[in-house]
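The values are calculated or read from the model by the stated rules, or taken from the named source; none is laboratory data. This structure is a prediction, so every number in the text was calculated from the model and none was measured. Quick reminder, even Gly has a Cβ in these numbers, built from the backbone with ideal geometry, and neighbours come from all protein chains shown.
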Amino acid sequence: MSGADMAKPLLGHRSIEGDPSTPPAAGRTIGVLGSGDFARSLAIRLVCSGFKVVVGSRNPKRKASLFPSAAEVTFQADAVKKTDVIFVAVFREHYSTLCDLADVLVGKILVDVSNNTEINHHKESNAEHLASLFPACTVVKGFNVVSAWTLQSGARDGNKQVLICSDNQEAKHTVAEIAQAMGFTPVDMGCMSSAREIENIPLRLLPAWKIPIFLALGLFLCFFTYNLIRQVIHPYIREQKNKLYKIPIEVVNTTLPCVSYVMLSLVYLPGVLAACLQLYYGTKYRRFPDWLDQWLQHRKQIGLLSFFCAALHAVYSLCLPMRRSHRYQLIETAVKQAVEKKMNIWVEEEVWRMEIYISVGIIALGLLSLLAITSLPSIANSLNWREFSFIQSTLGFIALVISTLHTLTYGWSRAFDENQYKFYLPPTYTLTLLVPCTVILAKIIFNLPCIQQRLLRIRRGWEKGRYVKFVLPSATGEYSSGETSSNV
Ligand code: NAP
């Protein structure tokens, strides 16, 4: 950020008095201890948001040029005296070096922004450790989930949520106001005991993706092995033909759509199982088993991985004609036909199969792209519940049906050709059809009026065997009430 940019307020000039739209926090003086990357970004953002900033450094002369001119850079003790709210932008291992400031820090709010290098690295959180070193201060945990980069790039970029916790409500409120004035969305995470969890958040590597990724890898491995046996090992054992060249592209490209298709059906299968359980128990108020709960929560990631595999399959398929092996095979076939004096090689059925297969595949990929895009939080937030559920549920199911057509047109009559059964193993596509067809069938059954009605009632709170109050019109036109079983 240039010097001129630093002087320019990010969210407009704000004065506390006179402007009712001004957040009460902006305009106050905020202290920052430390002059590293985080302290610098924090100071820039605070200045841009209309705060006065005083930075406390062990060596202010050397560090002053790194900060915007609007920020005052001074010695630590001097900075602390000038403000009530101080961001401690120092690593945990250096907290003890701040103990000399204990007297001037009495009664102040300390914002602990620190992170660790490992999950649950210390017995007590950094914020609790800071609080134990400075018992006369109020410690608030916050801002550790935003990076120095996010702080600098402003409200336009990066994660806007700032997780905050403290045992002191008033201090937490003050820090939340500051976060809001800086363009962030403060999220109250409760009391100080949450600090450990907040400190672990930036260290977690894709926590919601672990199960879906393992699932995708597991499926990929199974289908890859199956295809390898059929496409490479079988010709080698039966005809001594070396087909190893097929592994990098052909085998991978027959594996990817299998994974994508099965994963897509696994997005809708837990919904089907949940509906079955609700119908069986006759209530929506009974908890699903944990494994089903987990599965339901991972549907978005499973769907995105399905889209990823489908996109890779599309790219691989487009590249198939680029391969040398493909060109050699084409020439070989042409030469053979010339030798055999075969002039007409057009097979009408094959032509139609391929046209339909590709067209349906493109539509399926288009729908999957739509599902993937609308699952992004920024897009999802712009949709109302009906729009979101129409796209994710209805269009998603249509995508599953179209993918099934894509698979069926690929297979065509191969399932009935005994040459396709290598080592008695059926063609891979027949295996992939199992789960998606079950899901499609179940969805059709759930749409039968008698079942759909019952499911709708359950989802609106009706329960099997529960007595409810009913109201009936009497012969005189007046209404009488009584008790009956809602089951009847
Ligand atoms: P840094 O660049 O290494 O800065 C640390 C600063 O601590 C130094 O510039 C130094 O400033 C000050 N300090 C005070 N006492 C010290 C001592 N005894 N020894 C060494 N330095 C001392 O680190 P940073 O990246 O700004 O991170 C600062 C804190 O912010 C850390 O707790 C980190 O976990 C947290 N954080 C950083 C980021 C990020 O993106 N960088 C994101 C979230 C949280 P003076 O020399 O001026 O005193």
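Structural remarks
- When every residue of segment 300-309 is checked against the conditions, at least one turns out to be within 30 Å of residue 247 (Cα to Cα) and surrounded by fewer than 18 Cβ atoms within 10 Å (Cβ to Cβ).
- Yes/no for residue 379 being within 20 Å of residue 303 (Cβ to Cβ), in a helix (DSSP H, G or I) and among the β-branched types (Val, Ile, Thr): yes
- On the stretch given as segment 46-85, residues that are assigned to a helix (DSSP H, G or I) and either within 16 Å of the ligand (Cβ to nearest atom) or of a type in the set (Gly, Ala, Ser) (or both) total 13.
- Selection within segment 130-151 - buried (at least 19 other Cβ atoms within 10 Å of the Cβ) and either in a helix (DSSP H, G or I) or not assigned by the TED database to the domain that holds residue 90 (or both): 130, 131, 150, 151
- Helices (runs of 4 or more DSSP H) contained in segment 152-262 and holding at least 1 residues over 29 Å from the mean Cα position of the chain (by Cα) and in contact (Cβ under 8 Å) with a residue 12 or more places away in the chain: 169-181, 210-228, 234-239
- In this structure, residue 32 qualifies as modelled with pLDDT of 95 or more and within 12 Å of the ligand (Cβ to nearest atom).
- Among all positions in segment 165-184, there is no residue which is of a type in the set (Ser, Thr, Tyr), within 30 Å of residue 256 (Cα to Cα) and surrounded by 17 or more Cβ atoms within 10 Å (Cβ to Cβ).
- Flag if residue 315 is assigned to a helix (DSSP H, G or I), free of Cβ contacts under 8 Å to residues at least 12 places away in the same chain and either touching a Ser or Thr at 6+ places or on another chain (Cβ under 8 Å) or within 29 Å of residue 245 (Cα to Cα) (or both): yes
- Verdict on residue 443 being outside any helix (DSSP H, G or I) and charged (D, E, K, R): no
- Count of segment 94-140 residues which are within 11 Å of the ligand (Cβ to nearest atom), within 21 Å of residue 44 (Cα to Cα) and in contact with a strand residue (DSSP E or B) (Cβ under 8 Å, 6 or more places away or on another chain): 4
- Residues that are of a type in the set (A, V, I, L, M) and out of contact with any helix residue (DSSP H, G or I) (no Cβ under 6 Å at 6 or more places or on another chain) were ranked within segment 209-228; the one that is nearest to residue 166 (Cα to Cα) is 211.
- Pairs are defined by a Cβ separation below 9 Å, a sequence spacing of at least 6 or placement on different chains, a first member in segment 88-106 that is part of a helix (DSSP H, G or I), and a second member that is near the ligand (Cβ under 6 Å from one of its atoms); the pairs so defined are 92/114; 92/115; 94/34; 95/114; 97/58; 97/90; 98/90.
- Note on segment 336-375: residues that are exposed (fewer than 13 other Cβ atoms within 10 Å of the Cβ) and among the small types (Gly, Ala, Ser) amount to 2.
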